[in-house]
Amino acid sequence: MEHLVHYIYIVSAALFVLSLKWMNSPVTARRGVFAGEIGMLMAITGTLLAHQVFNWQWILAAFLIGTAAGIPIAYIMPMTAVPQRTAMSHACGALAAALVGTAEFYREPNQPKYVLVALMIETLLGFLTFTGSLMAMGKLQEILPQRPITYRNQNLTNLGLLALAAALGVRLVLVPTDTWLFPVFAGLSLLFGVLLIIPIGGADMPTVIALLNSYAGLSACAMGFVLDNRMLVIAGALDGSSGLILSIIMCKAMNRSFTNVLFGAFGQIQTKTAAVEQRPVRSASAEEAAAILEGSSSVIIVPGYGLAVAQAQHKIRELFDALMRRGIDVKFAIHPVAGRMPGHMNVLLAEADIPYDRLVGMEDINSEFSQCDVALVIGANDVTNPAARNDKTSPIYGMPILDVDKAHTVMVIKRSMRPGFAGIDNDLYYLDKTLMLFGDAKAFVSDILKELPVPLAAAR
Amino acid sequence: MLSNLETALYVFMLATFLGLEVIRKVSPLLHTPLMSLTNAISAISVVGAILITSAQGATLLSKVLGFIAITAAVTNIVSGYLITDRMLKMFKRREKR
């Protein structure tokens, strides 16, 4: 049985790879989840059967509590809260890895040096990801302020703290018998996680969530080195590389570097320049907006985080249906960083039963704006700002944007003229072709729906 | 013969490159479910937590830390797989009328 478990682990690892491979298309994705489940079940069962299990009461109780907590999280959580849930599960995963590392250190501090190095990396990453993810979750849940919290010499303090934690880690590797240093090391890692995330603003959350995902994976991977378990190494490396790729995609979509996201405190500096002179805008009523939509033949809807806040996805789906029934071509333009985590908008719109072949990514949709009659922006701001293309002085200059300003008519549903998250004024709103629709996204879309006359085709 | 460290480093290197290639092909549509799926997969650290807790002569500290670790990891496994499946069920190509 001792040998058999290694073969079981190999099959599990293969299933995890397949699981991710099948995620490449929505058609096979559910098979991927199934493969992952089987892989996990085999790994757990194999582990329990291969070793003589002491303290089974502890293990059983933990399994029961974990399952009892996991099921309601999966089924009750509304889709708008998915970013928070993701941050929470990064925290849980990282905590598990960090605690296993801690227990292993106290069980036997005198281990080969490379094991201790891996153990320090495991616990450092685990603890900082734990508190960092909790902070991210607090920001996403709006318990904590979404604006960056900054103070003087912040980066210096943070880097100093990290260096101190790393130095303690090195010391513990060299002199592992100094076990009293370990709690200090763990405490510094926990503190660093908090300080790392508080200066990061809400709009940067997609990158940060992806990065924390990567750290949690790497922590599990380091555990594989500590416990000499290759399957852990593979599963952790897969998670680590997934988080890395997602954060690179997010950074590219904002034209920013990792260091800039982590140490730039975006949204803070710009508030100073946000004092903009009043410029005239054209606004329109729901009735006028409905008439323009009615008369168009193609519409591109641009959703953003505001849509999630207003919970407007189901109303938008009604609008989508009403327009499609009139033979109007409706598509959704999805910017990679729209929302608070990678793919956030797609999940929200899919939840509202909008078919996924109508959700089009930035690179594919941008050429279509010039042929489209109406671009309807709902709750998106910075990702539509033409200043990113034209204005070299703008803080978002160079960021890839959706070319909304190329549409014949632009309509923007917005609560007020208050600048968006980054505090940057959006030139799009002052164009002659732009109509501002002031109001709550959900309420305004309902009003438009009321103004759309019942089409003849619906009487069939 | 390769030492344990060397073999593990080979495995790590290959798994990272494989991961990068596989994940690169994932449709941007599914980035949110992808993240919850990888989360569930990385909760494989439950294996380590079980080994720590179930060891003969485990100290109270080991048992308590292991217990918390298993609970956290199992929460991730259960909620991660279930919510990924719940999300994926929502992705439909055509309207059924």
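Some values worked out for this structure:
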{"item": "Matching residues, the stretch A:411-449, being part of a strand (DSSP E or B) and open to solvent by 20 Å² or more (accessible area, probe 1.4 Å)", "result": "A:Lys414, A:Phe438"}
{"item": "Residue count for the stretch A:171-199, restricted to those that are β-branched (Val, Ile, Thr) and outside any helix (DSSP H, G or I)", "result": "4"}
{"item": "Top-ranked residue of the stretch A:97-111 - restricted to ones that are more than 7 Å from every other protein chain (Cβ to nearest Cβ) and at pLDDT 95 or above, ranked as nearest to A:Phe225 (Cα to Cα)", "result": "A:Gly101"}
{"item": "Residues (surrounded by fewer than 18 Cβ atoms within 10 Å (Cβ to Cβ) and more than 7 Å from every other protein chain (Cβ to nearest Cβ)) located in the stretch A:19-41", "result": "A:Val27, A:Thr28, A:Arg31, A:Phe34, A:Ile38, A:Leu41"}
{"item": "Residue ID - farthest from the chain's Cα centre (by Cα), chosen from residues in the stretch A:54-96 that are at pLDDT below 90 and within 8 Å of another protein chain (Cβ to nearest Cβ)", "result": "A:Met77"}
{"item": "Residue that is farthest from A:Ile401 (Cα to Cα), among those in the stretch A:240-263 that are within 14 Å of another protein chain (Cβ to nearest Cβ) and open to solvent by 30 Å² or more (accessible area, probe 1.4 Å)", "result": "A:Leu244"}
{"item": "Test: residue in the stretch A:195-206 that is within 12 Å of chain B (Cβ to nearest Cβ) and over 17 Å from A:Ala103 (Cα atoms)", "result": "yes"}
{"item": "Selection within the stretch A:372-389 - hydrophobic (A, V, I, L, M, F, W, C) and in a loop (DSSP other than H, G, I, E, B)", "result": "A:Cys372, A:Ala380"}
{"item": "Considering residues of the stretch A:390-410 that are modelled with pLDDT of 90 or more and not in a loop (DSSP other than H, G, I, E, B) only, the residue most open to solvent (accessible area, probe 1.4 Å)", "result": "A:Lys406"}
{"item": "Residue check for A:Ser367: hydroxyl-bearing (Ser, Thr, Tyr), open to solvent by 20 Å² or more (accessible area, probe 1.4 Å) and under 18 Å from A:Val299 (Cβ atoms)", "result": "yes"}
{"item": "Helices (runs of 4 or more DSSP H) contained in chain B and holding at least 3 residues open to solvent by 10 Å² or more (accessible area, probe 1.4 Å) and either more than 7 Å from every other protein chain (Cβ to nearest Cβ) or closer than 21 Å to A:Ser89 by Cα (or both)", "result": "B:4-24, B:60-90"}
{"item": "Condition met for A:Ala50 (surrounded by 23 or more Cβ atoms within 10 Å (Cβ to Cβ) and either among the aliphatic types (A, V, I, L, M) or within 24 Å of B:Thr16 (Cβ to Cβ) (or both))", "result": "no"}
{"item": "Hits in the stretch A:105-119 (condition: within 14 Å of A:Thr177 (Cα to Cα) and open to solvent by 10 Å² or more (accessible area, probe 1.4 Å))", "result": "A:Tyr106, A:Arg107, A:Glu108, A:Pro109, A:Asn110, A:Gln111, A:Pro112, A:Lys113"}
{"item": "Listing of helices (runs of 4 or more DSSP H) fully contained in the stretch A:200-293 that carry 2 or more residues being over 21 Å from A:His344 (Cα atoms) and modelled with pLDDT of 90 or more", "result": "A:205-226, A:230-253"}
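So that you can scan it fast, the table gives a plain yes or no per residue for (1) free of Cβ contacts under 8 Å to residues at least 12 places away in the same chain; (2) among the β-branched types (Val, Ile, Thr):
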{"position": "B:Phe12", "(1), (2)": "yes, no"}
{"position": "B:Val26", "(1), (2)": "yes, yes"}
{"position": "B:Ser36", "(1), (2)": "no, no"}
{"position": "B:Gly57", "(1), (2)": "yes, no"}
{"position": "B:Thr71", "(1), (2)": "yes, yes"}
{"position": "B:Leu82", "(1), (2)": "yes, no"}
{"position": "B:Arg93", "(1), (2)": "yes, no"}
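The values are calculated or read from the model by the stated rules, or taken from the named source; none is laboratory data. Given the structure is predicted, the values throughout are model-derived calculations rather than measurements. Cβ: placed from backbone, ideal geometry, glycine included. Neighbour counts: every protein chain shown. Heads up: the accessible areas ignore ligands, DNA and RNA and are worked out on the full protein's heavy atoms, side chains in. Shrake-Rupley method; radii C 1.70, N 1.55, O 1.52, S 1.80 Å.
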